[in-house]
1. Pull out all pairs, ordered by first then second residue, where Cβ-Cβ is under 8 Å, the residues are six or more apart or on different chains, the first lies in the stretch 49-72 and is under 17 Å from V120 (Cβ atoms), and the second is of a type in the set (K, R) and not in a loop (DSSP other than H, G, I, E, B).
2. State whether one or more residues within the stretch 94-108 are of a type in the set (D, E) and either assigned to a helix (DSSP H, G or I) or on the phi > 0 side of the Ramachandran plot (or both).
3. If you scan the stretch 125-149, which residues turn out to be among the aliphatic types (A, V, I, L, M) and either within 14 Å of A191 (Cβ to Cβ) or not in a loop (DSSP other than H, G, I, E, B) (or both)?
4. Name every residue in the stretch 69-90 that is crowded, with 18+ Cβ neighbours inside 10 Å and part of a loop (DSSP other than H, G, I, E, B), in order of residue number.
5. With respect to Y85, is the statement that it is within 25 Å of I42 (Cβ to Cβ) and touching a Leu at 6+ places or on another chain (Cβ under 9 Å) true?
6. Based on what the data block shows, is A64 surrounded by fewer than 23 Cβ atoms within 10 Å (Cβ to Cβ), part of a helix (DSSP H, G or I) and more than 18 Å from the chain's Cα centre (by Cα)?
7. May I ask you to verify whether L131 is under 24 Å from M7 (Cα atoms), of a type in the set (A, V, I, L, M) and surrounded by fewer than 16 Cβ atoms within 10 Å (Cβ to Cβ)?
8. Test T169 against the criterion of being closer than 21 Å to G3 by Cβ, modelled with pLDDT under 95, more than 16 Å from the chain's Cα centre (by Cα) and not small (G, A, S), and give yes or no.
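The values are calculated or read from the model by the stated rules, or taken from the named source; none is laboratory data. Computed from a predicted structure; not experimentally measured. When we count neighbours, we look across all protein chains shown, and the Cβ atoms used for this are built from the backbone with ideal geometry, even at glycine.
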Amino acid sequence: MAGNWKMYKTPAETCAFFEKFRPLILQAAHCEIVICPPFTNIPAAVEASRGSAIQVGAQDLYWAKEGAFTGEVSGPMVRAAGASYVIVGHSERRQYFGETSESVLKKTVAALESSLTPIVCVGELLEHRELGKTDAVLCEQCRKGITPLDVRQIVQIVIAYEPVWAIGTGKTATPEIAADAHRLIRREVSAVYGEEVASQIRILYGGSVKPDNVKSLMAQPEIDGALVGGASLDPVSFASIVNYLS
């Protein structure tokens, strides 16, 4: 269960979140919990989560280790700040900042080289779904951004399926729609690396996941977890999602 805070919260607000959140997820042994705050909050999140099962991730990274790239943050920097995960290729990065499947691949490799677990995002726009192009878009994103990895690399990543039309809109893909997309992604992985490797890959669903729909989504065998946006900003809400089994 991963929370993507996007561009919200200060370090002080991050500490306040963890103070309320930690006691609520003490019994959550059924899943990994990852929170991805803005870069400036990573040290505060690492300190506030110390001694708990909560892991901290970044929301992006650059593929070079260092250099004249003003405003960018490298994998070694993210790792040194204490993070162990990083989101790569989120739809907002693709939509607003020109990320491509090729740049997603380079960032994924850079994350792995820095001992970070990348959560690699794929997903279609509303116009793609309405035109019946969902499968084609997902296949293209997988074939250019994920399956060029070697087998040693692929088993270390997490994939997140995010239908762009469901992010922050209140619309959620039905569990069946989400499961179909997850099956397709796993099939793409299987075609390159075999069924055994494909069965090991964790594929998260992201797109307006909330306490009232997480249980039905997680009931789908193909869905291995959730990448949560807005609902992860509130400690009670995110704890309810994490504790969906109770």
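1. Partner pairs satisfying both residue conditions: D60/R93; D60/K107; L61/K107; Y62/K107; W63/K106; W63/K107.
2. Within the stretch 94-108, one or more residues are of a type in the set (D, E) and either assigned to a helix (DSSP H, G or I) or on the phi > 0 side of the Ramachandran plot (or both).
3. Answer for the stretch 125-149, where residues must be among the aliphatic types (A, V, I, L, M) and either within 14 Å of A191 (Cβ to Cβ) or not in a loop (DSSP other than H, G, I, E, B) (or both): L126, A136, V137, L138, I146, L149.
4. Across the stretch 69-90, the qualifying residues are A83, G89, H90.
5. Considered against the rule, which asks whether it is within 25 Å of I42 (Cβ to Cβ) and touching a Leu at 6+ places or on another chain (Cβ under 9 Å), Y85 comes out as yes.
6. Judged against the criteria, A64 is not a match.
7. The answer is no for L131.
8. So T169 fits the description; yes.
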